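Notes follow the structure.
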Amino acid sequence: MLTIPYGASGKTTIVGGCYGWGDSYCGETGLGNTTNKYLPTAIASTNKFVQVSAGYAHAGGITDTGSLFLWGDQTYGKLGNGVTSNYTTTPIQVAGLWKAVCCGTDHTIAIRSDGYLFGWGRNNSGQVGDNTTTDRSTPVQLGTSSNWIYLPDKMYNNSAAINSTSQLYVWGDNTYGQVGDNTKVDKKVPTLIGTDTWLNVSPGNAITTAVNLAGQLYGWGNNTNKELQNNNTKNYLVPQLINVATDWVKSSAGYNTWLALKENGTMWGCGLNPNGLLGLGNTTDQTTPVQIGAAYIWSDMCQSRYQSYFIATDTTAWAAGLNTFGELGTNDTATHTSLTQIIGPNSTSPVTGWTLIVGQDDYAQGIL
């Protein structure tokens, strides 16, 4: 039977300290300053986190007591504290009790502990989901349903969520058909996608990938680079079966690249490969799924814009891709086209114990 691996909710329970590294020009690493970090560095908090998410320049997490904290860029009101300018380099709490959060490019979506869905931040494409395009600086309830259970680890300019009956809803930017409702019109409210039942979903910048309860991998949106189907370059406006296998458990979509994990712990990727972010030792784009890190058994992953992050079943963490600001956590700024192990906090050696890593553009957050 398929189970949801580490995601924003409905996942195996993970508890640990929150760590940030990479670019911190708006305090998005949450470390109390704007200094770039080349190693994972602990956020100064006694809280234990069960989930973290990374937006373009803001991040957040849920603690084991249900508290929601956000930090980083405050423009558009994305931290939910009524402030629409400047930034904060340390976590600030959002009132209430929560069970999941997902940070997008400039907005935030969260599930409250009672199952209601909320959104706030930039809303130019309807990504907040309140049937307007008005930015929101405090949490706004989305609809009347209280059965929401799952959010992805990260988003871009659209949003997605799954409810307790495994229905998938997507909304926001639909330039390439990445909402999946057979149009290219932005959606300002959560929009039901098809009649299938879903395990998890990952909204990328121009593509969306998802795994259904049958273990099938689907994708939709931009296919200009054959990242979804290698026999054409047309965009897909509804979920398109990527692969006939039925043992997929999770996917992660970036800009024009995706990763996917199988039940047997093998990792696969497809799409553009700038800076070697697929970890294959080269920068060759892939138009069919290719196995990544065959020597390891994998438990989780995150596809960022310029990097990829992976966690093995032995709880070691690995990364590949662009590393200008130390966002790979390898204590250097060299680009790595092959999988490179992430160094431990304040250390010169790798460590075990990683349970979740979420990267976005030039920085990452993790739980250790």
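A short reminder: the numbers here are calculations on the coordinates, not readings from a lab. Because the structure is predicted, anything quoted here is derived from the model rather than measured. Counting neighbours? That spans all protein chains shown, and the Cβs are built from the backbone with ideal geometry, glycine included.
Residue by residue through the stretch 248-261, what is 3J(HN,Hα) from phi via Karplus (6.51 cos²θ - 1.76 cosθ + 1.60, θ = phi - 60°)? Round to whole Hz and write x for glycine and proline.
Going residue by residue, I get 7, 10, 6, 10, 9, 9, x, 7, 9, 9, 9, 10, 8, 10 Hz, with x marking Gly and Pro.
For each of Val201, Val185, count neighbouring Cβ atoms within 10 Å of the residue's Cβ, then give the residues from fewest to most. Working shown, then result.
Working: Val201 28, Val185 12.
Lowest count first: Val185, Val201.
To the nearest 20 Debye, how big is the dipole of the chain about its Cα centre, given +1 on the beta carbon of each Lys and Arg and -1 on that of each Asp and Glu? Show your work: numbers first, answer last.
Working: 17 positive and 23 negative charges, 75 e Å.
So the dipole magnitude of the chain works out to roughly 360 debye.
What residues have an amide H closer than 5 Å to that of Tyr363, excluding those fewer than 5 places away on the same chain, when H is modeled at 1.01 Å from N in the peptide plane?
Under 5 Å from the amide H of Tyr363: Asp23.
Hey, if you put +1 on the Cβ of every Lys and Arg and -1 on every Asp and Glu Cβ in the stretch 18-367, which of Gly72, Trp298, Gly126 ends up farthest toward the positive end of that dipole?
Gly126
Rg(Cα) of the stretch 138-184 divided by 2.2 N^0.38 Å?
1.22
Rg/Rh for the stretch 18-367: what does it come to with C-alpha atoms and Rh from Kirkwood? Walk me through the numbers on the way to the answer.
Working: Rg = 18.4 Å, Rh = 19.5 Å.
Here Rg/Rh amounts to 0.94.
So what are the ³J(HN,Hα) numbers for the stretch 158-165, from phi and the Karplus equation (6.51, -1.76, 1.60; θ = phi - 60°), rounded to whole Hz, Gly and Pro as x?
10, 10, 8, 7, 10, 9, 5, 9
Taking the beta-carbon count within 10 Å as an exposure proxy, list Asp23, Asp300 from fewest neighbours to most. Show your work: numbers first, answer last.
On the way: Asp23 20, Asp300 28.
Neighbour counts put them in this order, fewest first: Asp23, Asp300.
Fewest to most neighbouring Cβ within 10 Å: what's the order for Asp73, Asp186? Mind dumping the intermediate values first?
Details: Asp73 23, Asp186 18.
Neighbour counts put them in this order, fewest first: Asp186, Asp73.
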